[in-house]
Amino acid sequence: MSSKLRAIHDEYSGDRRRPLKGYLALLGAYGAVLTGMAVAVRASGRRLPRPSVGDVALLAVATHKASRLLTKDAVTSPLRAPFTRYDKPAGEGEVCEQVQEDGGQVRHAVGELVSCPFCVSVWTATTLTTGLVLAPGLTRLVATALSAVAGADFLQLAYGIARRAAEDERPAVPPQAPTSPAVPQVYDSAGRH
């Protein structure tokens, strides 16, 4: 069986290194987390709510912001450091990181997960959605704060764009040479000097 799995891995990966065993470990971890959350919801005796359109929008924005904070923010880089390495700044407090190639397939897969906002958003949305069942007030409060930060980020970026556009449109005014005081012209009633 092991040789068959190896053949599948090699056929899938081709000449590229793909950490399929690491991905399987992450899928197992996600399944375990999801199962644990389902058990907690069941044990709480709470009914599953029907999320409103407002809840979905709030969680979408909060998921976006939390995912960017976890995967790209410079301040959270110590959480990613065991699995990634710093590459370069990405602007607005974010960094680009590369996945650690050494250390095995699980480390590689986790590095891909923790540096990808799209990947982490699945885990984040699952956590926030479960929070709506187990602690709806607290979850909405946290989601509101994250959404406010996301809104502030977009306003900061829009302000920067507007400021640069205004500076680009401002005409360059050459310095004016000092002018001498005008000499009054004296005219007679016929309009002659």
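Tell me the relative contact order for the range 1-121 as a rounded percent, counting alpha carbon contacts under 8 Å between residues six or more apart. The partial results should precede the final answer.
Details: 102 pairs, mean separation 35.4, N = 121.
That works out to 29 percent.
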For the chain, with all protein chains present and a 1.4 Å probe, just round the carbon and sulfur fraction of the accessible area to a whole percent. 64 percent
Expected sort for 163-169, 134-140 on mean C-beta neighbours within 10 Å, highest first, is 134-140, 163-169
Positive end of the dipole of the chain, charges at C-beta (+1 Lys, Arg; -1 Asp, Glu), about the Cα centre: which of Leu24, Gln98, Ala166 has its Cα farthest in that direction? Leu24
Proximal lysines to Lys88, defined as alpha-carbon separation beneath 20 angstrom and excluding residues fewer than eight positions away on the same chain: Lys72
Pick out the long, greasy-scoring helices in the chain: whole DSSP H runs spanning 30 Å or more along their own axis by Cα, mean Kyte-Doolittle at least 0.5. 20-44
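Between Ala25 and Arg46, what is the FRET efficiency for a Förster distance of 45 Å, r being their Cβ-Cβ separation, to the nearest 0.05?
Values: r = 31 Å, r/R0 = 0.69.
The formula returns an efficiency of 0.90 here.
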Keeping all protein chains in the complex and leaving out DNA, RNA and ligands, what accessible area do you get for His64 with a 1.4 Å probe, in Å² to the nearest 10? 90 Å²
What nm value, rounded to one decimal, do you get for the distance between Ala38 and Thr144 when each label is placed 7 Å out toward the C-beta? 3.2 nm
Once Cα Rg over 2.2 N^0.38 Å is worked out from the coordinates, which option in (i) 1.83; (ii) 1.36; (iii) 1.54 does it equal? (i)
FRET efficiency for Arg16 and Asp153, using Cβ-Cβ distance with R0 set to 45 Å, rounded to 0.05: 0.85
No Cys partner within the rule (Cβ under 4.7 Å), the chain: Cys96
When all protein chains stay in place, what accessible area (Å², nearest 10, 1.4 Å probe) is found for Arg17? 120 Å²
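Could you report the chain's accessible area per residue, 1.4 Å probe, as an integer in Å²? The partial results should precede the final answer.
Working: 13750 Å² over 193 residues.
On a per-residue basis, 71 Å².
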Kindly report, to the nearest 10 Å², the accessible surface of Lys88 as traced by a 1.4 Å probe over protein heavy atoms only. 100 Å²
Solvent-accessible surface ranking, highest first, for Val106, Val95 at 1.4 angstrom: Val106, Val95
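The values are calculated or read from the model by the stated rules, or taken from the named source; none is laboratory data. As the structure is a computational prediction, the values presented were derived from the model and not from experiment. When we count neighbours, we look across all protein chains shown, and the Cβ atoms used for this are built from the backbone with ideal geometry, even at glycine. To get the accessible areas, we keep the full protein, side chains included, count just its heavy atoms, and leave off ligands, DNA and RNA. Shrake-Rupley method; radii C 1.70, N 1.55, O 1.52, S 1.80 Å.
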